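Peer 1: Once you've had a glance at the structure underneath, I'll fire off some questions.
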Amino acid sequence: MKKYDAIVIGAGHNGLTNAAYLAKSGLSVAVLERNPYIGGATVSRELYPGWTYSNCSYVCSLLRPEIARDLELPRHGLQVVPYGGGVTFKRDGDYYGNYYDHNRQYREVARHSLRDANAYERYATDVRKQTRLIRPYLLRRPPDPTSLKLRDLRDLAGFARSFTELGEEGLADTLRFWTKSVGDYLNEYFESDVIKAHLGGTGVIGTALGVYSPGTAYVLLHHYMGDMDGNVGSWGFARGGMGAVAAALAKSVKAFGGDIICDADVDRIVVRHGKVSGVALKNGNELPAGIVVSNLDPRRTFLDIMDRDDLPAELVHKAGNFKIRGSSGKLNIALDGLPTFNGLDRNNPLMLGDMHFTDSLERLERAYDDWKAGTWSKDPYVDMLIPTQTDPTMAPPGKHMMTVFVQYAPPRINGGEWTDADRAGFEQSVIDQIAAHSPDFKSLILHCETRTPREIEAEVGLTEGNIFQGELTFDQLLFNRPFPGYAQYRGPVPGMYMCGSGTHPGGGVMAAPGANAAREILRDLRLPDVVPGGYADD
Amino acid sequence: MTERHDVIVVGAGHNGLVCASYLARAGRKVLVVEAGDSPGGAAATREFAPGYSVSGCAQWVYQLHPGVSRDLELERHGLQWAARDLASVLLDSRGCHLTLSGALIESDQLSGDDREAWRAFHDRTGRYARLLARVFESRPPKLVESNLADRLTLLRLGLGLKLLGRDDMSDLMRIVLTNMYDLMEEYFDSPQLKAVLSFDSVLGARMGPRTPGTVFGYLYRRLGENFGYNGVAQVKGGMGALGQAMAASARVRGVELRLGCRVSSIDSVDGRAAGVTLASGEQLRAALVVSSADPVTTFKGLVGFRHMETGMARRVSQVRCEGIAARLHLALDGLPRFTGLDGARLGQRLVIAPDMNYLERAFNAVKYREYSPHPALDISIPTVNDPAGAPAGCHVLSAIVQFAPYGPPGGWDGPSAVAGLSHREHFTALVLDKIAEYAPGIKEQVVASQLLTPVDLERDYGMTGGHWHHLELSLDQVMMMRPFPGATQYASGLDGLYLCGAGAHPGGGVMGLAGKNAAREILRRGAAA
């Protein structure tokens, strides 16, 4: 059997990115994927004849442009089409729409509150300021504050410097931003419920926290710091679905000479004489390699595919306590035609963007209370899109595909497993909510794939169905991600690394963890750094 | 126009008195102006029914700084303890209570694993609380425009962190950001132990155990250990006696105390605080004004937004200070009987919060301006340790009740969901029902009751929002963010005006450090000028 220099476990976007950089440096690399298809949660699948679903991740923005350029993803077929719009429907039949055009945006906000229209500019400036601060750190290894190593001290000093440049009050404002709840943060600017709800939803996406939980203002940022063609904060669809991102990365891996092996279910990472020596597959085969990189979440990496005897006890403890509770589900729906929404003309540009039906922070918070109580939200928060308006390749002519991200859905129902009846109840609560604003929606449904955390875990292998491979709470960010002492992509055994979203800077199809991990591996091998580390200045 | 003072302190709450005493000790001529008829502010004793009196707002002392109490010679000025180092008893409706006394736990139901985990947890968090205590003893450092004193504070903090060792340091930096619920799940199995610890973490805070940052609240409660308290303590004569002792100490040091004078404005001349105007119209002049009132009252009420820069005024209106804790005082015609609780433990701190999810659900209500249908309680029966508070043979039960919103729809006297009952009456009935689950028969013993909602606490003690820490003690409002950026280090943005109340670093809890730190800062700046 061929001996590889490095094996990457899991062909998600981070695993592929990591492999591409290792291969680019001349290492022989194999990516092992359990499923018969690649992509992990960055995947497109035809689950109903004629319709392609981005059935896990569904929109693109955070993918670091430095990586896309460096790995020549456009040349390998990735095309990201920006979309605008976005609307929150109100219970009273009105809506709040989001426009790119500045004047139109002002008029729309002013329609709900003149005061808010005037505050909006200040809000946008302040969030942008925080975005600008964090972006340079996405493609960098987080420094370890407990370390006395020169590199850590230098990084920490650099980190401190960029913060002190903000000035005393600016720094305090930043610290407050990081520790505040998105609800409190928005209350500082806005008075209109629907505007707060429209903006606030992004602060809790993928997180088992409510809009009033401290630390969610930061998650808000997570959804603002991406860019499309240098346009910071904008979002797009990968043409052909999110699987196109994985496909382009895979082509890049292959172009550099790497192998991608599907249907290869890893049983464990083999450690001999205190060093990694390869991986053992479930079918009994063993692939030798001096470097093994896990793209699985930290829980699976340490508790499932590593032998406890090979790990320090405190690490097993930390992995066991790592917070990776799922909080969301997904509906992918094949539609016979474009549904109509109350109050919106079907040519309205707002139709092209995210649609929400939660018009107050209170409703968002109550949805979270259901999660805490161990059940799905009866009045869920949904982030719904109809990408086929922008990308006709995903459904037959005249037909449409709808992707509905749903929050909250707990990993377990009242302590027990999800049953099919639970899933049906979950599905119904979402469909009813949409149908309340779209009279013809139910009659257009041809097929609906409903994914609760149970299905997400079973298919993609994300523990408890957590889409970020670990909650983005502030005790699990930066040097604490995934846990203190292991935030620099290295595992406890020489030759073992982590490259998934469970590491800094987290999930959202950024590809940054995969790239950062590759940089650390190359450094350990004393190979030249080929991973872009800077950032596109905005 | 009366004689001129060096400093006027607004409010004779404990921090105001502490600050005044320190300033007077350093030779300043200090006047304290208090709206109420007795000193102490939130630390005052009130008669709530004929013959029954109780500490109106704060009920326990658990972190009064020993330096403050030594410097003010409080014991010489009449401070006596009715009881010290009281245990916390987590009540169980069947009588299987859990008693937590410092590091010791008494419970029939605790596993060996839990006991071992508790020892590890207690030691570890004790080390963190010690570090925090040191940070709280000085002014909050500035990080950017730091001077030598700030750098020394930061250096001490950094060194303290390093000295914890690598494991503790990284653990602290993680858990201080996390929530109590998850941390408890990491350590313990016993629902009772998890509940009593998480109750402490959310006491007085608009937070549930699942709220990130609650571990900080818990560490804050643990500060007392470093100040000589191994559990809560009860002042003889109620908290008012502490206020009286502080006032006596201040007077001996030459502080002039004027009670019953409400300050209606803090006046400035040429952009500098120059004195105060009383409600009577009398104007008092001084070189410096120090406010122990909460920041919103100080800036919005007394200084006035029109005398402030808009950015600053906006910050004042954005601070979070809505209280969520109510106080219930019950006058009882006899000693209440709690199921399975012997008489000796009646004088201790009794907690009703059966498990963390109960606590979390209780918290849910207040997010929507509702009161908890099943509230959590911190109960004291002060007359067990100090019978003077009630007629012979009678008793007072006084409880902190969480969670109660500042304003339920229609106000506290508006109609509740139950026909014929106001919100106030309905909530009182709910709380009584809850206590009766643990002390059957208590309802028949009630002679009189008084419910103080956050609105009442705001009115009676002048605390905006009725929050006993003045400002929410959440991570975004502590240290150099307290009370808000631009008004840290006890200075206020208005020359000559300082803050010394719980709204300033390090916060409330009858600690006295805000007053002490403020005095030190005022004297330091005075020396520089």
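Peer 1: Name the residue, out of B:398, B:422, that is touching a helix residue (DSSP H, G or I) at 6+ places or on another chain (Cβ under 9 Å), in the same structural domain as residue B:332 (by TED's automatic domain parsing) and either crowded, with 22+ Cβ neighbours inside 10 Å or free of Cβ contacts under 8 Å to residues at least 60 places away in the same chain (or both).
Peer 2: Values: B:422 fails: touching a helix residue (DSSP H, G or I) at 6+ places or on another chain (Cβ under 9 Å).
After ruling out the rest, the residue left standing is B:398.
Peer 1: Take residue B:293 and tell me if it is closer than 30 Å to residue B:368 by Cα, among the small types (Gly, Ala, Ser), within 26 Å of the chain's Cα centre (by Cα) and more than 14 Å from chain A (Cβ to nearest Cβ).
Peer 2: Considered against the rule, which asks whether it is closer than 30 Å to residue B:368 by Cα, among the small types (Gly, Ala, Ser), within 26 Å of the chain's Cα centre (by Cα) and more than 14 Å from chain A (Cβ to nearest Cβ), residue B:293 comes out as yes.
Yes/no per residue for (1) among the aromatic types (Phe, Trp, Tyr); (2) out of contact with any helix residue (DSSP H, G or I) (no Cβ under 6 Å at 6 or more places or on another chain):
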| site | (1), (2) |
| --- | --- |
| B:491 | no, yes |
| B:495 | no, yes |
| B:498 | yes, no |
| B:515 | no, no |
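Here's the yes/no breakdown for (1) under 22 Å from the mean Cα position of the chain (by Cα); (2) within 20 Å of residue A:17 (Cα to Cα):
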{"position": "A:226", "(1), (2)": "yes, yes"}
{"position": "A:237", "(1), (2)": "yes, yes"}
{"position": "A:257", "(1), (2)": "no, yes"}
{"position": "A:269", "(1), (2)": "no, no"}
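Peer 1: Given the options B:446, B:431, B:396, B:384, name the one that is modelled with pLDDT of 95 or more and in contact with an Asp or Glu (Cβ under 9 Å, 6 or more places away or on another chain). It would help to see each step written out before you state the result.
Peer 2: On the way: B:431 fails: in contact with an Asp or Glu (Cβ under 9 Å, 6 or more places away or on another chain); B:396 fails: in contact with an Asp or Glu (Cβ under 9 Å, 6 or more places away or on another chain); B:384 fails: in contact with an Asp or Glu (Cβ under 9 Å, 6 or more places away or on another chain).
Exactly one residue qualifies, and that residue is B:446.
Peer 1: Quick check: anything in the stretch B:76-83 in contact with a strand residue (DSSP E or B) (Cβ under 8 Å, 6 or more places away or on another chain) and among the charged types (D, E, K, R)?
Peer 2: There is no residue in the stretch B:76-83 that is in contact with a strand residue (DSSP E or B) (Cβ under 8 Å, 6 or more places away or on another chain) and among the charged types (D, E, K, R).
Rundown of residues vs (1) modelled with pLDDT of 95 or more; (2) surrounded by fewer than 19 Cβ atoms within 10 Å (Cβ to Cβ), yes/no style:
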{"site": "B:34", "(1), (2)": "yes, no"}
{"site": "B:41", "(1), (2)": "no, no"}
{"site": "B:44", "(1), (2)": "no, no"}
{"site": "B:57", "(1), (2)": "no, no"}
{"site": "B:79", "(1), (2)": "yes, no"}
{"site": "B:82", "(1), (2)": "yes, no"}
{"site": "B:91", "(1), (2)": "yes, no"}
{"site": "B:114", "(1), (2)": "yes, no"}
{"site": "B:127", "(1), (2)": "yes, yes"}
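Peer 1: Can you give me the number of residues within the stretch A:283-307 that are within 29 Å of the chain's Cα centre (by Cα) and surrounded by fewer than 21 Cβ atoms within 10 Å (Cβ to Cβ)?
Peer 2: 4
Peer 1: If a residue has to be in contact (Cβ under 8 Å) with a residue 12 or more places away in the chain, surrounded by fewer than 16 Cβ atoms within 10 Å (Cβ to Cβ) and farther than 16 Å from residue A:344 by Cα to count, how many in the stretch A:91-110 make the cut?
Peer 2: 1
Peer 1: Report yes if some residue within the stretch A:69-92 is of a type in the set (Phe, Trp, Tyr), farther than 25 Å from residue A:205 by Cα and at pLDDT 95 or above; otherwise report no. Give the derivation first.
Peer 2: The initial filter retains those residues of the stretch A:69-92 that are of a type in the set (Phe, Trp, Tyr), namely A:83, A:89.
Now drop any that are not farther than 25 Å from residue A:205 by Cα, which leaves none.
Scanning the stretch A:69-92 turns up no residue that is of a type in the set (Phe, Trp, Tyr), farther than 25 Å from residue A:205 by Cα and at pLDDT 95 or above.
Peer 1: Which of the helices (runs of 4 or more DSSP H) contained wholly in the stretch A:155-238 include at least 3 residues that are more than 10 Å from every other protein chain (Cβ to nearest Cβ) and modelled with pLDDT of 90 or more?
Peer 2: Where helices (runs of 4 or more DSSP H) fall fully within the stretch A:155-238 and carry at least 3 residues being more than 10 Å from every other protein chain (Cβ to nearest Cβ) and modelled with pLDDT of 90 or more, they are A:193-200.
Peer 1: Okay, moving on. Can you tell me which of (1) among the aliphatic types (A, V, I, L, M); (2) under 27 Å from residue A:333 (Cβ atoms); (3) assigned by TED's automatic domain parsing to the domain that holds residue A:248 is the one residue A:47 doesn't meet?
Peer 2: Checking residue A:47 against (1) among the aliphatic types (A, V, I, L, M); (2) under 27 Å from residue A:333 (Cβ atoms); (3) assigned by TED's automatic domain parsing to the domain that holds residue A:248, the one that fails is (3).
Peer 1: Which one of these does residue A:520 not meet: (1) acidic (Asp, Glu); (2) in a loop (DSSP other than H, G, I, E, B); (3) in contact (Cβ under 8 Å) with a residue 40 or more places away in the chain?
Peer 2: (2)
Peer 1: If I ask for residues that are touching a Lys or Arg at 6+ places or on another chain (Cβ under 9 Å) and under 24 Å from residue A:361 (Cβ atoms), which ones from the stretch A:410-430 would you list?
Peer 2: Residues satisfying the conditions are A:410, A:429.
Peer 1: Filter the stretch B:268-285 down to the residues that are part of a strand (DSSP E or B) and surrounded by fewer than 19 Cβ atoms within 10 Å (Cβ to Cβ), then identify the one that is farthest from the chain's Cα centre (by Cα). Even if it seems obvious, please write down each step before you answer.
Peer 2: Restricting attention to the stretch B:268-285, the residues satisfying the condition of being part of a strand (DSSP E or B) are B:268-269, B:272-278, B:283-285.
Checking the rest, the ones that are also surrounded by fewer than 19 Cβ atoms within 10 Å (Cβ to Cβ) come to B:269, B:272, B:277-278, B:283, B:285.
On the way: B:269: 34, B:272: 31, B:277: 28, B:278: 27, B:283: 32, B:285: 31 Å.
Taking the candidates together, the pick is B:269.
Peer 1: Considering only residues that are surrounded by fewer than 23 Cβ atoms within 10 Å (Cβ to Cβ) and in contact (Cβ under 8 Å) with a residue 40 or more places away in the chain, which ones fall in the stretch B:378-389?
Peer 2: Initially, the stretch B:378-389 is screened for residues surrounded by fewer than 23 Cβ atoms within 10 Å (Cβ to Cβ), giving B:384-388.
If the condition is that a residue be surrounded by fewer than 23 Cβ atoms within 10 Å (Cβ to Cβ) and in contact (Cβ under 8 Å) with a residue 40 or more places away in the chain, then B:384, B:385, B:386, B:388 are the ones that fit.
The rows are residues; the columns are (1) surrounded by 23 or more Cβ atoms within 10 Å (Cβ to Cβ); (2) more than 27 Å from residue A:140 (Cα to Cα).
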| position | (1), (2) |
| --- | --- |
| A:15 | yes, no |
| A:28 | no, no |
| A:48 | no, yes |
| A:64 | yes, no |
| A:70 | no, no |
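Peer 1: Continuing with this model, one more query. Give the residue that is surrounded by the fewest Cβ atoms within 10 Å (Cβ to Cβ), with candidates limited to residues of the stretch A:120-154 that are within 12 Å of another protein chain (Cβ to nearest Cβ) and polar (S, T, N, Q).
Peer 2: Applying the filter and picking the extreme gives A:147.
Peer 1: I'd like the full set of residues that are within 17 Å of residue B:474 (Cβ to Cβ) and part of a loop (DSSP other than H, G, I, E, B), limited to the stretch B:293-332.
Peer 2: Residues satisfying the conditions are B:294, B:319, B:320, B:321, B:322, B:323, B:324.
Peer 1: Here's a follow-up. Tell me yes or no: at least one residue of the stretch A:468-478 is hydroxyl-bearing (Ser, Thr, Tyr), within 14 Å of chain B (Cβ to nearest Cβ) and over 21 Å from residue A:337 (Cβ atoms). Step through it out loud before you land on a result.
Peer 2: Keep residues of the stretch A:468-478 that are hydroxyl-bearing (Ser, Thr, Tyr), which gives A:473.
Keeping just the survivors that are within 14 Å of chain B (Cβ to nearest Cβ) gives A:473.
Add one more test, that the residue is over 21 Å from residue A:337 (Cβ atoms), and what stays is A:473.
There is at least one residue in the stretch A:468-478 that is hydroxyl-bearing (Ser, Thr, Tyr), within 14 Å of chain B (Cβ to nearest Cβ) and over 21 Å from residue A:337 (Cβ atoms).
The values are calculated or read from the model by the stated rules, or taken from the named source; none is laboratory data. Note that the structure is a prediction, hence the values are computed from the model and not measured. A quick note on method: Cβ atoms are made from the backbone with ideal geometry, for glycine too, and the neighbour counts reach across all protein chains shown.
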